[in-house]
Each structure stands twice: as C-alpha cells, then as structure tokens.
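Below is one structure, written out as structure tokens, with a few remarks after it.
The values are calculated or read from the model by the stated rules, or taken from the named source; none is laboratory data. Computed from a predicted model, the values in this text were never measured in an experiment. Virtual Cβ from ideal backbone geometry, glycine too; neighbours counted across all protein chains shown.
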C-alpha cells in the first residue's frame, strides 16, 4: 500500500540523458535515516521511496525527503533497481532474499545476517540471480582506514590493536557487542593482515539485562605470525574508534572518529652548540597523515550506486561479509563459554559452514 507524503513525487519521474538509478530504503530507523539523507543528495540517483513497519516514522521520513512511503516493502521493491536494507539483523535474511529474488541489487547493513546459514543463503541467492550484494561495513570507506591501508603497505606488521567503545544505548540490543561493533574491526583486521586466522581466544561480560554480551576482548593469531587484539564495548563512558599497527619500524595509530593518523618512529638526534654542548635530544618523530573529510556513508553509497550502474562487484561483497561473520560467530561462542580455539592453518572453520552461531 502506498501513502503519498506531503510534497511527494507523483507518477513517472522525467529522466534526461543517462537514467538515474532508482533506489529505495527499507527501514528508516537510526541507520536508515542516514541512508535516506545521503541518497537524496547523490547525483544520478532517484530516491523512489522508503518503507518501515512504523507508519508514522515512515510517513514523516517520506515527507521530509519528498518521496513516497510504502507500507509494504514488497511494493517498494517492485519500483526500484536497488535497495538499502536497514532493518533489525533478525530480518536481514527474509527481506534480503525477497529483494534478491525480485532481481533488485542490495546493500544490506552489517552484519550480513543473524547466522551463518542465513548469510550463505543470501550470498548464494545473489549469485543465482546475478544481483549485486554489498554489505555495510562502512569503516572500509572511512578516510582514516583508507590512508592506514596505504601507510601499512610498506611496513612489516607485527601486531594490531582495535578498540571500539561506546556508552550504553538502547540501539541494536537484539545482537551482542560482537555483531554490533566488533564485527567492523574484524573485517578491517582481516583485510590488513591478509592471512588466515589460526588461533583465537575470547572473553566477555554482560552489563545489561538484554541477555547479550556487552563487553568482549578477543586475541587472534594469524598464519603469518601477526597477533591482533580486539576490544569492543557498549558500556564504556567514552566513544572510541581506534586501530594501532605495531610495525618493525614504526607505530601507526588511526583515529576513526577524528579521521586522523599518527605515525611514530624511533629516531635519535642531538642538537649541539658550536662548542659541542648538547642543547636537546630528539628521541622520536611523529608524522601526521592528512585524510579527507568525506563522510564514510556518502563514499559507501556512491560506491554502491557506481557498482550497480557499472555492473561491478563491490569492495565489501557477501563473501567478505560472510568471512567476518564466521569469525565473529566463533568469538561470540568462545566469549560465552570460555573456550580457547586452535584452528588449522587453512582455517577451515572460517571458510566452511561449520562455525557455531549462538
């Protein structure tokens, strides 16, 4: 059922030159609101409409951006080329499958699905329908991460650290902190390490009555010898988004909130007077790397639309998201029962469907 919002566009939009990509947003809660805002600003995009189970919220959003509201998301799907899905994680599979089977390209928020089987089903459906499936691992598009990747290409990485902390909110309480926050850094560290995970330990605690883990720390051992530690929290009284790379010749720190990168290098230089007296000594050098100020979501959605238009595969497709989910599932399982994981060097539990999801 369609509801015309105030100022909504009616009928067929006139297109000149290259036709815009017709996009809709399913779910206009916290993240869906941002998707709608950014899509309304992108060139060569026609934001057709939005859909949400909360009719009042959906109508309000549709009116704000002068588009149509669809009470049933299935009606929206039949009017678009692509959709952004920002519904609760437990609904990712059912909504995503309908869209893919309707021949519509999909950007779905992370995690790709609530469990491994559903994620594999989405990946297979995308392949069978020849539709693009992009997953919203938005930090891949953070300018700080993109510059960090460039800086580390010439370094020998010894260890990686990731900290992702937030104060407690009522958002995303249907999943643990592993699937809500840590999965971002799981994806990033897998990309930076470029090696299979062979060892894993994890522990965590609950601080709320949601029944979900609110604080988790995990340590990963990679086949290459790199060691990584990840900490994610929903109960820290300060927002932190940082990755540090300990390299043989440097320490690189990336701040994802401030889009800032600092490179620390060990160097010693004495500054003397003409008579040889040491005035002061420099024991280290700090380099500051400049990054762009582009909003990561803007870059992510531009990439999505470009892939839809050009028929290319996204930088974070279903397979990459599935790999991150498999590791996240193992971390969550071990944090809950306190076990220690020793994986084969080929990491079969990360590559097959035998990972446990609890």
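A few notes on this one:
- Pick from segment 24-56, criterion more than 16 Å from residue 299 (Cβ to Cβ) and in contact (Cβ under 8 Å) with a residue 60 or more places away in the chain, ranking: nearest to the chain's Cα centre (by Cα): 30
- Test result for residue 187, in contact with a helix residue (DSSP H, G or I) (Cβ under 7 Å, 6 or more places away or on another chain) and not assigned by TED's automatic domain parsing to the domain that holds residue 113: yes
- Number of residues in segment 171-183 that are touching a helix residue (DSSP H, G or I) at 6+ places or on another chain (Cβ under 7 Å) and surrounded by 17 or more Cβ atoms within 10 Å (Cβ to Cβ) equals 7.
Conditions (1) outside any helix (DSSP H, G or I); (2) more than 17 Å from the chain's Cα centre (by Cα); (3) at pLDDT below 95; (4) surrounded by fewer than 19 Cβ atoms within 10 Å (Cβ to Cβ), marked per residue:
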{"position": "94", "(1), (2), (3), (4)": "no, yes, no, yes"}
{"position": "112", "(1), (2), (3), (4)": "yes, no, no, no"}
{"position": "162", "(1), (2), (3), (4)": "yes, no, no, no"}
{"position": "169", "(1), (2), (3), (4)": "yes, yes, yes, yes"}
{"position": "185", "(1), (2), (3), (4)": "no, no, no, no"}
{"position": "190", "(1), (2), (3), (4)": "no, no, no, no"}
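- Of all residues in segment 27-43, exactly one satisfies the criterion of being surrounded by 24 or more Cβ atoms within 10 Å (Cβ to Cβ), out of contact with any helix residue (DSSP H, G or I) (no Cβ under 6 Å at 6 or more places or on another chain) and assigned to a loop (DSSP other than H, G, I, E, B), namely 27.
- Selection within segment 130-160 - buried (at least 23 other Cβ atoms within 10 Å of the Cβ) and under 17 Å from residue 218 (Cα atoms): 160
- For the criterion of being within 22 Å of the chain's Cα centre (by Cα) and either modelled with pLDDT under 95 or over 19 Å from residue 144 (Cα atoms) (or both), residue 305 passes.
- Given (1) at pLDDT 95 or above; (2) buried (at least 19 other Cβ atoms within 10 Å of the Cβ), index of the condition residue 212 fails: (1)
- In segment 115-140, the residues that are under 15 Å from the mean Cα position of the chain (by Cα) and outside any helix (DSSP H, G or I): 133, 134, 135, 136, 137
- Taken over segment 96-110, the criterion of being crowded, with 24+ Cβ neighbours inside 10 Å and either in a helix (DSSP H, G or I) or free of Cβ contacts under 8 Å to residues at least 24 places away in the same chain (or both) is satisfied by 96, 99, 100.
- Here is the figure for segment 230-243: residues that are surrounded by 17 or more Cβ atoms within 10 Å (Cβ to Cβ) and either assigned to a strand (DSSP E or B) or touching a helix residue (DSSP H, G or I) at 6+ places or on another chain (Cβ under 7 Å) (or both) total 8.
- Count of segment 192-213 residues which are more than 22 Å from residue 240 (Cα to Cα) and more than 22 Å from the chain's Cα centre (by Cα): 6
- Looking across segment 196-224 at every residue that is in a loop (DSSP other than H, G, I, E, B) and without any contact (Cβ under 8 Å) to a residue 12 or more places away in the chain, the one that is farthest from residue 162 (Cα to Cα) is identified as 209.
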